[in-house]
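Report on the following structure.
Just so you know, all these numbers are worked out from the coordinates, no wet-lab data involved. Treat the numbers as computed from the prediction; the structure is a model and nothing was measured. Cβ: placed from backbone, ideal geometry, glycine included. Neighbour counts: every protein chain shown.
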Amino acid sequence: MIKVTFIEHGGTPHTIDIPEGMSLMQAAVNHNIPGIDADCGGSMTCGTCRVCIPLDAQGIAGEQSSLEQQMLEFSGLGGGGIRLSCQLIAKAEFNGMQLQIPEAQP
Amino acid sequence: MNQQNREHVVVIGAGHGGGLTVAFLRQYGFAGDITLIGDETVLPYQRPPLSKAWLKGEVTQESLALRPPAFYLEQKIDLHLGVRAERIDVDAGHVVLASGQEIPYDHLVLATGAHARTLPIPGVHFTNVMTLRTLVDAEHIRGALGPGKKLVIIGGGYVGLECAATARALGAEVTVLERAPRLLERVASAPVSAFLQRFHENQGVAFRLNAGIEAILGNTQAESVLLSDGTELSCDAVLVGVGAMPTASMAQAIGLRCDDGILVDADCHSSDPHIFAIGDVAKRPHPLYDRVLRLESVPSCMEQAKRVAACITGREPAAAEVPWFWSDQYDLKLQIAGLPFAVDETVVRGNPDEAKFAVFHLSTGKVVTVEAINAPPEFFAGKKLIASGKPVPREKLADTTIPLNELAA
């Protein structure tokens, strides 16, 4: 199991165990973590599962597909590190990762 | 109303609406009892993949579930699945199940959705004439698809077009019959209809527009579809996708105000103060528009589920969302935001020939609807412009050298 912490915009942390191979979005939703909506159920259409990854973890998160890049192009949040959590698939290297949930999803 | 003096929320309908309502109730801190009743035997699941990834065999049934089984146990949500709610006893304040069991409520949420509209023509009873609302329907359709199978699809709306794309991916021959002069007449603009029709035709789908349908003919199974102009199209199966009707019979039986759905206020209250209605069954004044609407849209359903949960837990409601919809056909991603009321001009950004463009619809200089095909940045920019109501000159919308961030700022 991989331990990941989601931090709500207001600061409340939620540390959960995620099985390898599950998307971080699905794990967040399964634990009813506020702020990750996932309207489209992981089909990269809604953009409501966005998270911020700290700079030092961005390399671990892996490459964005061209579609994810397009989905985030207009994210309006500025800076790097914004990812769609439906595209982040839990692996051992994610253990201990801390993710910030943005104030609002589009 | 109940022995333990804990508030009890009962939700009838375990689709997207019901499934999300119970989740948001707990997320927003509701500590009372929650009961979810649904007549399908499976946990709440996502319906959109039924015409797409699931139908193509790309995802499992398990992966469709909105939440895993453990969620309902952990969140203390009582489930009655594969169970029909028979009626509501408003005076006694309980729901009566088909078994006779009574479930008391303090708040009742009707999330009964919609059912497929059928055609009033001979032959719709054949078992290979199908509609698509549920997993069981989708399993049925999947069995009818395969290389060389002839599928006639009645209805050129989203269900029809998504299934056409999937059927082609599975090697079936597809003809789509549409009553109107163009596809998606009720839900998309002419440039988008034209683009999608061309795209589908390039994938081998045949279309008949302005098609009147007389009957579905066959012996023990549907074998052909007879059109009003006398053409007879042979088929192995027929899919009817001509819209959906709100499932409001229980509400009507207790006298709740209904008119093409259960009428509710902005908080999703029906005409009974203890009963909410959400999703495909509910007709609600949309906060951004000056009219009541029954929106068949997953994001709208989610917004309403949140609204009900906020109402019950005393939380401040979230800001109104711009309604939006999506459709995936082949590798095309269609995203639509807004509703096209009082449109007086249309602007295309990008190149339809490259299958990457957006159509903006304006009313008095402001974007009210955007239809984006393989253009997520345009979709999100359009959605932001619709919400802000910021006027945008049409030449700038059409000019792809002007960044969207700048236009929508």
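Can you find a residue that is within 22 Å of the chain's Cα centre (by Cα), among the hydroxyl-bearing types (Ser, Thr, Tyr) and surrounded by fewer than 17 Cβ atoms within 10 Å (Cβ to Cβ) anywhere in segment B:85-100? Taking every residue of segment B:85-100 in turn, none turns out to be within 22 Å of the chain's Cα centre (by Cα), among the hydroxyl-bearing types (Ser, Thr, Tyr) and surrounded by fewer than 17 Cβ atoms within 10 Å (Cβ to Cβ).
Look at segment B:278-304: where a residue is in a loop (DSSP other than H, G, I, E, B) and a partner is surrounded by 18 or more Cβ atoms within 10 Å (Cβ to Cβ) and hydroxyl-bearing (Ser, Thr, Tyr), sitting 6+ places away or on another chain with Cβ atoms under 7 Å, you get B:Ile278/B:Thr21. So, of the residues in segment B:54-64 that are without any contact (Cβ under 8 Å) to a residue 40 or more places away in the chain and in a loop (DSSP other than H, G, I, E, B), which turns out to be nearest to A:Cys40 (Cα to Cα)? Of everything passing the filter in segment B:54-64, B:Val59 is nearest to A:Cys40 (Cα to Cα). Of everything in segment A:20-32, what is within 11 Å of chain B (Cβ to nearest Cβ) and surrounded by fewer than 21 Cβ atoms within 10 Å (Cβ to Cβ)? Give them in sequence order. Within segment A:20-32, A:Met22, A:Ser23, A:Asn30, A:His31, A:Asn32 qualify.
Applying the selection to segment B:66-89, what residues are more than 10 Å from every other protein chain (Cβ to nearest Cβ) and aliphatic (A, V, I, L, M)?
The answer is B:Leu73, B:Ile77, B:Leu79, B:Leu81, B:Val83, B:Ala85, B:Ile88.
The sole residue among B:Asp78, B:Asp39 that is touching a Phe, Trp or Tyr at 6+ places or on another chain (Cβ under 9 Å), of a type in the set (D, E, K, R) and under 28 Å from B:Met250 (Cα atoms) is B:Asp78. Got at least one residue in segment A:62-84 being away from chain B (no Cβ under 14 Å) and in contact (Cβ under 8 Å) with a residue 40 or more places away in the chain? Within segment A:62-84, not a single residue is away from chain B (no Cβ under 14 Å) and in contact (Cβ under 8 Å) with a residue 40 or more places away in the chain.
Evaluating B:Ile402 against the criteria (1) buried (at least 21 other Cβ atoms within 10 Å of the Cβ); (2) within 14 Å of chain A (Cβ to nearest Cβ); (3) of a type in the set (Val, Ile, Thr) leaves one unmet condition, (1).
Conditions tested, residue by residue: (1) touching a strand residue (DSSP E or B) at 6+ places or on another chain (Cβ under 7 Å); (2) under 28 Å from B:Glu58 (Cβ atoms).
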{"residue": "A:Asp39", "(1), (2)": "no, yes"}
{"residue": "A:Gly42", "(1), (2)": "yes, yes"}
{"residue": "A:Cys46", "(1), (2)": "no, yes"}
{"residue": "A:Val51", "(1), (2)": "yes, yes"}
{"residue": "A:Ala57", "(1), (2)": "yes, no"}
{"residue": "A:Ile60", "(1), (2)": "no, yes"}
{"residue": "A:Leu67", "(1), (2)": "no, yes"}
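Taking the stated definitions as given, is B:Ser388 more than 14 Å from every other protein chain (Cβ to nearest Cβ) and under 18 Å from B:Tyr289 (Cβ atoms)? No. If you go through segment B:52-65 and keep only what is under 20 Å from B:Gly17 (Cα atoms) and away from chain A (no Cβ under 12 Å), you end up with just B:Gln61.
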